[in-house]
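Worksheet: the structure to be examined is printed underneath.
The values are calculated or read from the model by the stated rules, or taken from the named source; none is laboratory data. Because the structure is predicted, anything quoted here is derived from the model rather than measured. Positions of Cβ are generated from backbone atoms using ideal geometry, with glycine treated the same way; all protein chains shown enter the neighbour counts.
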Amino acid sequence: MHTDEGLTGIGEIFGAGDFAFANQAILRHVIAPRLVGRNPLDINVIWHDVYNAVRDHGQKGMPICCLSGVDIALWDILGKATSQPLYQLLGGKARDDFVAYGYGMMFRKQDDLPAIFEKEVAAIVERGFTASKMKLGLGVERDIELATAVRRGAGDGFKLMADTNHAYTVGEAIQLGLALRELGYYWFEEPVMPEDYDGYRQVRDALPGIHIAGGEAEWTRFGHRELLCRRSVDILQPEVAATGGISEFMKIVAMAHAFGTPVIPHVWGSDVLIAVDMHLVSALPDLPGG
């Protein structure tokens, strides 16, 4: 986003591949005309104006993803206009450092995938990471085989997380979750479809001892309110480039803290988005009491 004073704000919209073309059309034909001539520092006013314009055509999905990118760009302009880093604009740094986990073990069409995953996580351990996340969702039995191989490669005491991208029914998710818990996995991400808030709660209730995580496929404070009010997750994972941008992300954080639910941002994008999330994590306050 360009201003008439020479400042350029950079944002990012969640959605790669062909989805990017759809996002581009929404941004160009629906949202951009509402922005020309506006004060870019009116971030909250612009957010609600755009949201009210698109809500009848989707309170979730691509319209909100596009709003997210706009909001991120506006915050970038604010930072450049005031010569302040994002974390300072959000209230300051709550921490000087934080732990990053190594991400790997992605799907490939290979019969020897367990052996590949075992070697891959061992390499992540050797690089100094203290935690790692893997993809699952190939069927319960196959997933248990892969998760076992990853635990073998990581060794005991290494923190592991598994993400199935809502591949399972409640019953299947519980079956897999029991195995993951036995293997000492720390969290089980998106076990069931994101629309099934009660299903999340059923899985969570059935699996004490392993954290149920979700939220990347949810939008705005209104969607995350459902996950929190229904006590569907142990860890909330809003995606800043999809859920409404930085403005909405911070509202979701405040709401999550009222429920005592930790927030660990989801991030899937370019270096721009990674930089945004590093500032967000820096500004995240600790939960009350710890």
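Out of Val267, Val233, report the one residue that is crowded, with 23+ Cβ neighbours inside 10 Å, more than 21 Å from Tyr51 (Cβ to Cβ) and touching a helix residue (DSSP H, G or I) at 6+ places or on another chain (Cβ under 6 Å).
Numbers: Val267 fails: crowded, with 23+ Cβ neighbours inside 10 Å.
Checking each option against the conditions leaves just Val233.
Taken over the range 170-214, the criterion of being free of Cβ contacts under 8 Å to residues at least 24 places away in the same chain and either part of a helix (DSSP H, G or I) or of a type outside the set (Asp, Glu) (or both) is satisfied by Gly171, Glu182, Asp205, Pro208. Looking across the range 85-134, the residues that are within 15 Å of Arg151 (Cβ to Cβ) and among the basic types (Lys, Arg) come down to Lys119, Lys133. Across the range 155-171, the number of residues qualifying as under 20 Å from Ala217 (Cα atoms) and more than 19 Å from the chain's Cα centre (by Cα) comes to 3. Please go through the range 36-83 and give me each residue that is more than 18 Å from Phe249 (Cβ to Cβ) and not in a helix (DSSP H, G or I), ordered by number. Correct list: Val36, Gly37, Arg38, Asn39, Pro40, Leu41, Asp42, Gly58, Ser83. Cβ-Cβ distances below 8 Å connect the following pairs, each with a first residue in the range 85-100 that is assigned to a helix (DSSP H, G or I), a second residue that is acidic (Asp, Glu), and a separation of six or more residues or different chains: Leu86/Asp76. Within the range 123-144, at least one residue is assigned by TED's automatic domain parsing to the domain that holds Ala213, assigned to a helix (DSSP H, G or I) and small (Gly, Ala, Ser). Going by the structure shown, is Phe188 assigned by TED's automatic domain parsing to the domain that holds Ile144, within 28 Å of Gly9 (Cα to Cα), in contact with a helix residue (DSSP H, G or I) (Cβ under 8 Å, 6 or more places away or on another chain) and surrounded by 19 or more Cβ atoms within 10 Å (Cβ to Cβ)? Spelling it out, it is not the case that Phe188 is assigned by TED's automatic domain parsing to the domain that holds Ile144, within 28 Å of Gly9 (Cα to Cα), in contact with a helix residue (DSSP H, G or I) (Cβ under 8 Å, 6 or more places away or on another chain) and surrounded by 19 or more Cβ atoms within 10 Å (Cβ to Cβ). In this structure, Asp163 qualifies as among the charged types (D, E, K, R) and buried (at least 19 other Cβ atoms within 10 Å of the Cβ). Inside the range 166-185, residues that are buried (at least 18 other Cβ atoms within 10 Å of the Cβ) and among the hydroxyl-bearing types (Ser, Thr, Tyr) make up a count of 2.
Considering the range 31-47, and only residues there that are of a type in the set (Val, Ile, Thr) and surrounded by fewer than 16 Cβ atoms within 10 Å (Cβ to Cβ), the residue that is farthest from Thr3 (Cα to Cα) turns out to be Val45.
Please verify whether Val30 is touching a helix residue (DSSP H, G or I) at 6+ places or on another chain (Cβ under 9 Å), part of a helix (DSSP H, G or I), without any contact (Cβ under 8 Å) to a residue 60 or more places away in the chain and not assigned by TED's automatic domain parsing to the domain that holds Met278, treating the condition exactly as stated. Answer is yes for this residue. Looking across the range 231-251, the residues that are over 12 Å from the mean Cα position of the chain (by Cα) and in a helix (DSSP H, G or I) come down to Ile246, Ser247, Glu248, Met250, Lys251.
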